[in-house]
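The values are calculated or read from the model by the stated rules, or taken from the named source; none is laboratory data. No experiment lies behind these values; they were computed from the predicted model shown. Cβ coordinates were reconstructed from backbone atoms using ideal geometry, including for glycine residues, and neighbour counts include every protein chain displayed. Note: areas computed on protein heavy atoms with side chains; ligands, DNA, RNA excluded. Shrake-Rupley method; radii C 1.70, N 1.55, O 1.52, S 1.80 Å.
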Amino acid sequence: MNESGFREWLQANYRPSTVSTKLSEARRLAVAYGDLDPAFDADRLEEVMRTLTYSSKDRAQNRPNPSKLQLSTTNIYRDLSNLRTTISYYRNYRDGTSRRPRLTTLTRGAVEQAMDEFDALGFEEFTSAYNFGTSISHWVVRGDRRYPSKAIVGVAHQYLPGGAPLDNEQFSGSDAKRELQALGYVVETASTEATRPSRRFWIEKTIVSDRPDRQSGEHGLGRALWSPQRSKSGGDIYASMREVQPGDVVFHLTDNKAIAGASVVDSAVDDTFRGIVGTAWEGDAYRIALRDFEELDPPLERQAFLATEPYATELSELVRAGESRLFYNRKLDLNQGAYLTEATPTLLSILNRAYEEFSGKQLPYFEVETGGGASVELAADSNGYSLDDALEELFIDRSEAEEIMLVWQAKKNVVLQGPPGVGKSFAAQRLAFAMMGAKDRDRLGFVQFHQSYSYEDFVEGYRPTADGFELRPGKFVEFCRRAEADPDRSYVFVIDEINRGNLSKILGELMLLIEADKRSPDWAIALASGKVPFHVPRNVYLLGLMNTADRSLAVVDYALRRRFAFINLGPKLSSPKLRAQLAAAGVSTSVASMLIQRIEALNTEIVADKTTLGPGFEIGHSYFCSRPSDREDAWSWYERIIRTEILHLLREYWFDAPTKVAQWESELLAPL
């Protein structure tokens, strides 16, 4: 096998973790079957493929491993599926094709076979076996059932003559949709209600030695998680047991020494379980069934990540950077208690890199979950808030709002820009709720930039303490840590007056990390003040606000413009919603019509003044969205707004043309 050539091809097309995995699997195939190149030249590796074939029926009948390889796990179906995808990779390498070669034309028969396989295996086993994520963007329909379209297309390729399955990285979801529609299938876009949340990862810290219940039997290591429902003092320290869902992955840290294996969660928590008599955890307890235990060979020793650089420093700084509910503390000692804690993507990435250095292998299930290219569909909150809800309060047209949301979902970062008074702040909050699917202020971050705002405020920096100085995360990093620990829900961070700050100084390396295609642990980099890897999670959406009439600010640089989509918001004086709001506030029709006519005439002149002003300086509708006070009639209310707000703005606009300001003062305040 031309290993160096295969490695170079993989490195040119795929992530480092994929390179490592596929090289390792190709080596295993070469050891078992001999040089892969002569086999490819003879029959494109079809004979090897035949020995790797293993169906759901074979699995149900407990058919033994048909291949020449010694498999290290009991999950023959998944292991052979992964090896068949490696054959697909090697074929593409030998053919000289790119990362995403043109798909072979599918047949309905191949698709139907893939669907039958899905029915036999179920969602979790099917997507896991072929390295597809569990967050689905499109579903293909057969009868009254729906199937994950991308996974079905990938698996269907193995049912073509001489075919092999494709995994998540070898084609796009759009490719899959086109193929299925060409065959006459209906493909539906996933709704947030129908989409399964992403898989989560957990660390079980448990004692096995001198505990017969953990050494064997139905409650043994890798067979079940179980714990009391409360601590001896009544504390709810085992609450994380209630968060675990089927399909999640649990890594087992045993006897405070090493991560010894990993399992897949088979069922949700059973809160009727009674703790085993004779143990310290008798009484009301939780139990979660596990399956597919894989022993780590060798185990990941505690010293390999808590006492080995750079991982020790990265883990220590992860605590200081705001991560919570970890199984270890800042001193890199194991936390007392902490039976079950979540492993966020950043923590998981550190542990996986430590294991790769320690053993040359990846952690089990790491590749399945972190495979690139999966579309993210974020779960909706039960207390829902939709774009329809937002449009009830906004003056924005539906088509305009839908375009904003579409661009925002694709780009991840948008700036709403416009003149004063067009409702940028009001719109930002409502659009943020629509993006999150709920009026949840805990998932909405806010900051306002100014000339003194700095990297230390936004990203991280040293802050004084009673004992000196301590590295503290900034507002945005803290926000991202919370979002990373809650990957199935969207988070929105609003930056008001985004063009008032020194952006390159404030953002630093975030100028790279906020890009839509850099939102993964693969792009995590050390921040300026330490070694902890940081990335912006995929479920974080940035929304900047910019006043286009502020003369004191420099033009936003091209580096920022490339990373944000800029969307213009203009005055909505002619909106029927404004007239309805004025009427509800007690403003007469005659005053409302006069107001709209005069401000629109003023805006026409502002736009026409291209030398000093232009569209970015128009007067917005929100100046007139407040209600008259109890002591004002409609005319007094209008006159007050003109004298105290609009005329002051015009004096700034036309500071060198007082005659023009006086003219407009007369026109705006002329009696009805």
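Across the chain, the mean sequence separation of Cα contacts (distance under 8 Å, 6 or more residues apart), normalised by length, yields a relative contact order of 10 percent.
For the cross-link pairs 22/205; 412/475; 57/150, which exceed 28 Å when the distance is taken from alpha carbon to alpha carbon?
Working: 22/205 31 Å; 412/475 19 Å; 57/150 23 Å.
In this structure, 22/205 exceed 28 Å between Cα atoms.
The simple Förster model, with R0 at 41 Å and r as the Cβ-Cβ distance, assigns residue 405 and residue 659 a FRET efficiency of 0.35.
Sparse packing (at most 14 other Cβ atoms within 10 Å of the Cβ) combined with a DSSP loop state is found for the following trypsin sites (Lys or Arg not before Pro) in the stretch 596-672: 610, 631. In the set [x] 30.6, 112; [y] 38.7, 126; [z] 30.0, 96, the label that goes with Rg and Dmax of the Cα atoms in Å computed for this structure is [z]. To the nearest ten degrees, helix 475-484 and the longest principal axis of the Cα atoms of the chain are 40 degrees apart. If the segment from residue 502 to residue 451 were pulled out straight at 0.36 nm per residue, it would be longer than the present Cα-Cα gap by 17.7 nm. Approximating the spin labels as points 7 Å out from Cα along Cα→Cβ, the residue 272-to-residue 648 distance works out to 6.8 nm. Can you classify the stretch 571-617 as rounded, prolate or oblate using the Cα gyration tensor, where a ≥ b ≥ c are the square roots of its eigenvalues, rounded means a/c under 1.5, and otherwise it's prolate if a/b beats b/c and oblate if not? Prolate, since a/c reaches 1.5 and a/b exceeds b/c. Taking the DSSP beta bridges with both ends in the stretch 465-606, the antiparallel portion is around 40 percent.
In straight Cα distance, which aspartates and glutamates are under 14 Å from residue 518, not counting same-chain residues fewer than 8 positions off? Within the straight-line cut-off, residue 518 pairs with 509.
The calculated FRET efficiency for the pair residue 604 and residue 313, based on their C-beta separation and a Förster distance of 56 Å, comes to about 0.35.
Carbon-plus-sulfur accessible fraction, the chain (probe radius 1.4 Å, protein heavy atoms only): 49%. Estimated from helical segments only, the mean residue ellipticity of the chain at 222 nm is -11500 deg cm²/dmol, where each DSSP H run of four or more residues counts as -39500 (n - 2.57). Counted by Cβ distance under 14 Å from residue 631, the other residues give a net charge of -2, where Lys and Arg count +1 and Asp and Glu count -1. The aspartates and glutamates within cross-link reach of residue 505, meaning a Cα-to-Cα straight distance under 14 Å and a gap of 8 or more places when in the same chain, are 456, 457, 460, 557.
Sort 53, 659 by accessible area with a 1.4 Å probe, largest first.
Working: 53 70, 659 110 Å².
These residues rank, largest area first, as 659, 53.
Count Lys and Arg as plus one, Asp and Glu as minus one, and take only other residues whose Cβ is under 11 Å from that of residue 545; the net charge is then 0. Residue 572: which lysines have alpha carbons under 16 Å from its alpha carbon, excluding same-chain residues fewer than 8 sequence positions away? The reachable lysines, counting only those whose Cα sits under 16 Å from residue 572, are 424.
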